[in-house]
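The values are calculated or read from the model by the stated rules, or taken from the named source; none is laboratory data. Note that the structure is predicted; figures quoted are calculated from it, not measured. Here the Cβ positions follow ideal geometry from the backbone for every residue, glycine too, while neighbour counts run over all protein chains shown.
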């Protein structure tokens, strides 16, 4: 089979295929009676579980570290790394911020058990054994976690021993080593019912914990396949709701969207788990990582650091160590944030807090700055004269008369804590910065943009000044008034600007900011700054151009990079084959993998996009995808769900007047496995 799914999905799929092959070869699943005695003989009803949660553990979402996202099974995953992470937790203040678990993932053991059926730590990785590492972690005032699978083997292709049929023995071994947390995966499960497998380990952990005097938090990692949120509240303390995350915007966004609707199932001692954090691993921008951390926190998700902190940047520590954001995640009321709106990629998610306040995430999914707004009433706050509004990333407090709004950068999140606390008058009025334009600049050409400064408070904002801050060799000129002596509540200062990138500016991203400075009636000076992702672009050529030859503004792809004039191939750049749909080979186009979005600058000068689209022949027969063409924020054309068995389908869209054209590929509603898509002979006519 040529196709390989994304790495996290690959771990799972290979395990499942191995299970199928073992069963096909006549190897039955190990009987639980050999070890636990808890699974009934075939045809007999299962007994009622002997042990039930809650047990007082994980009353707030677990916080800590897991090595998998940064190391996988590479040699750097060893005793020195684990001890180093524990040291950093203490030295960098992460322990004091709430992080406590230092967890091992797959590949810590030898491939075979010993003569007594016991697990054996890899002596190269852990020469002093697992207990010595656990003891070191405990000596730092932290807790220690480990990994295995609810199958005959773990998920790594090398196949380390799983716990199916060995639940009692393995649980006791973990407890004896001083394990405080178990991540229990789902590979090579031999088709045994998930609830039975996970319940068997729950009971084994309970028995072992009582013997060792050390309770163990139980993380169910069955990827949401059997809807564990519906049955696992009395089995585990947290359960995965999705497949594995990877370090990309598209992966993080997809997983977030799967987890958000499950808010009703989360609470103290039973949490939805959208997988570990990728913050700091390098595949996203700091803005995107702040969104990742903000949204995991408002979803009351476990916060398990997935980056190697020994190599982390100051910005990574700043994100992971933000105690005001962590407090949203760790609020003892235990509510998961609820989606209030998500129109056109502008998301409002609100979370009730124990003190009566609301955490509010204003999240911008789109590729340009957007105003995202709601009201104090909509997020569930009582009527009040005004409200205190705390920005948890800027660490500043303002007040609002009731409107909660911000212009949010592309892929960014403004995370607020809003309360009707009666102390609003101690804070200056909030102002909302608004913007029209400012996304794209052609070198040497004056580009108009408009800024807006709106007073959201109950008192006037005085001595208001708006400004545009561009790189030093750019020119900015206000073409209408940029100051106001006083801005009354609800009023707006609107300023027109002409901004020019220098003639020799290289295409790419530049830092452009809009700002407002003002004073409250008490004289307090306040500055509000909105950073933008502005790009210097090249106007599209006249005539018909192959999109596989044009530069793109941005590219997000579900597996590896999008490829020019070849299929998607595997995970590396340049590894695709000739684009082939239904046996027909195409010389030009784009090869992608759902979920995918490739964006091109049209500059309001183009009329049409055409292509032949379909599932590439290199993939398995279960690939299912749909294609969309977007003109700015409007869907201009789409196909239905296409499969590998179908020939190429023509698609055409009128994109007249659009500044940006987006080519989007979504999965067919059954996940992204094998979803290789082709935009064959894709053409932009201008």
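Does any residue of region 417-438 turn out to be under 23 Å from the mean Cα position of the chain (by Cα) and not assigned by TED's automatic domain parsing to the domain that holds residue 318?
Yes.
Among the residues of region 477-493, is there at least one that is assigned to a loop (DSSP other than H, G, I, E, B), at pLDDT 95 or above, under 36 Å from the mean Cα position of the chain (by Cα) and within 25 Å of residue 411 (Cα to Cα)?
Taking every residue of region 477-493 in turn, none turns out to be assigned to a loop (DSSP other than H, G, I, E, B), at pLDDT 95 or above, under 36 Å from the mean Cα position of the chain (by Cα) and within 25 Å of residue 411 (Cα to Cα).
Is it true that residue 532 is surrounded by 15 or more Cβ atoms within 10 Å (Cβ to Cβ), at pLDDT 95 or above and touching a strand residue (DSSP E or B) at 6+ places or on another chain (Cβ under 9 Å)?
In short, no.
Only one of these is more than 25 Å from residue 396 (Cβ to Cβ) and either in the same structural domain as residue 281 (by TED's automatic domain parsing) or surrounded by fewer than 19 Cβ atoms within 10 Å (Cβ to Cβ) (or both): 344, 322. Name it.
When all the criteria are applied, what remains is 344.
Of the residues 151, 165, which is touching a strand residue (DSSP E or B) at 6+ places or on another chain (Cβ under 9 Å) and in contact (Cβ under 8 Å) with a residue 60 or more places away in the chain?
The conditions single out 151.
Would you mind finding the one in 522, 500 that is touching a strand residue (DSSP E or B) at 6+ places or on another chain (Cβ under 7 Å) and either within 25 Å of residue 444 (Cβ to Cβ) or modelled with pLDDT under 90 (or both)?
Answer to the check: 500.
Yes or no, residue by residue, for (1) assigned to a strand (DSSP E or B); (2) touching a residue at least 24 places away in the same chain (Cβ under 8 Å); (3) within 18 Å of residue 558 (Cα to Cα):
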position: 599; (1), (2), (3): yes, yes, yes
position: 603; (1), (2), (3): no, yes, no
position: 606; (1), (2), (3): no, yes, no
position: 609; (1), (2), (3): yes, yes, no
position: 622; (1), (2), (3): no, yes, yes
position: 645; (1), (2), (3): no, yes, no
position: 652; (1), (2), (3): yes, yes, no
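Regarding region 269-281, can at least one residue be identified that is surrounded by fewer than 21 Cβ atoms within 10 Å (Cβ to Cβ) and either more than 25 Å from residue 237 (Cβ to Cβ) or at pLDDT below 95 (or both)?
Checked against the condition, which is being surrounded by fewer than 21 Cβ atoms within 10 Å (Cβ to Cβ) and either more than 25 Å from residue 237 (Cβ to Cβ) or at pLDDT below 95 (or both), region 269-281 yields at least one hit.
I'm told residue 618 meets every condition in (1) without any contact (Cβ under 8 Å) to a residue 60 or more places away in the chain; (2) buried (at least 22 other Cβ atoms within 10 Å of the Cβ) except one. Can you identify the failing condition by its number?
Exception for residue 618: condition (1).
Within region 347-364, restricting attention to residues that are buried (at least 21 other Cβ atoms within 10 Å of the Cβ) and out of contact with any helix residue (DSSP H, G or I) (no Cβ under 9 Å at 6 or more places or on another chain), which residue is nearest to residue 406 (Cα to Cα)?
Taking the candidates together, the pick is 362.
Return the residues of region 61-77 that are more than 16 Å from residue 275 (Cβ to Cβ) and either touching a strand residue (DSSP E or B) at 6+ places or on another chain (Cβ under 6 Å) or crowded, with 21+ Cβ neighbours inside 10 Å (or both); say none if nothing qualifies.
77, the sole residue that qualifies.
For region 35-60, what are the residues that are at pLDDT below 95 and surrounded by 14 or more Cβ atoms within 10 Å (Cβ to Cβ)?
If the condition is that a residue be at pLDDT below 95 and surrounded by 14 or more Cβ atoms within 10 Å (Cβ to Cβ), then 35, 36, 38, 39, 49, 51, 52, 53, 54, 55 are the ones that fit.
Which numbered condition in (1) modelled with pLDDT under 50; (2) surrounded by 19 or more Cβ atoms within 10 Å (Cβ to Cβ); (3) not in a loop (DSSP other than H, G, I, E, B) is the only one that residue 21 fails?
Against the list (1) modelled with pLDDT under 50; (2) surrounded by 19 or more Cβ atoms within 10 Å (Cβ to Cβ); (3) not in a loop (DSSP other than H, G, I, E, B), residue 21 comes up short only on (2).
Go through region 532-586 and give me each residue that's touching a residue at least 24 places away in the same chain (Cβ under 8 Å), more than 30 Å from residue 444 (Cβ to Cβ) and more than 29 Å from the chain's Cα centre (by Cα).
565, 577, 579, 580, 581, 582, 583, 584, 586
Residues to consider are 395, 399; find the one that is within 28 Å of residue 319 (Cβ to Cβ), touching a residue at least 12 places away in the same chain (Cβ under 8 Å) and in contact with a helix residue (DSSP H, G or I) (Cβ under 6 Å, 6 or more places away or on another chain).
Answer to the selection: 399.
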